[in-house]
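First the structure, in the form of structure tokens, and then the observations on it.
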Amino acid sequence: MTDERCDLLCLDLPRAEELRATRLAPEIVETVAARMRALADPTRLSLVDSLRRGGELCVCDLAWISGRPQNLVSHHLRALKAECLARSRREGKVVFY
């Protein structure tokens, strides 16, 4: 047997049933997992941190802060937006997140 599995069935049924009855709905689990996957990328995590600390920033600012090309930053911001982890607004020719 491996160290990751019980060698004996030792179910704490009342506790297990309580937790099973209050587990997260599958659609919530999928949403949270998708958002965590979006944050698993170092560039996206860095962008989210910059937005959290700096508030609303334009794509140019975020590219400068992250040291990444603007087209790459835009790509990652679209991914964050798709997972509802960022919002954008356009002001003339400038896009703010």
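The values are calculated or read from the model by the stated rules, or taken from the named source; none is laboratory data. Keep in mind that what you see is a predicted model, and the values were worked out from it rather than measured. FYI the Cβ positions are ideal-geometry reconstructions off the backbone, even for glycines, and counts take in every protein chain you see. Ligands, DNA and RNA are excluded from the accessible area calculation, which covers all protein heavy atoms including side chains. Shrake-Rupley method; radii C 1.70, N 1.55, O 1.52, S 1.80 Å.
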Just the residues that are β-branched (Val, Ile, Thr) and either closer than 23 Å to Glu27 by Cβ or under 17 Å from the mean Cα position of the chain (by Cα) (or both), please, taken from segment 38-97. Thr43, Val48, Val73
Take Arg20 and tell me if it is in a helix (DSSP H, G or I) and exposed (fewer than 11 other Cβ atoms within 10 Å of the Cβ). yes
First in segment 45-68 and open to solvent by 30 Å² or more (accessible area, probe 1.4 Å), second anywhere and among the acidic types (Asp, Glu), Cβ under 9 Å, 6 or more apart: Gly54/Asp61
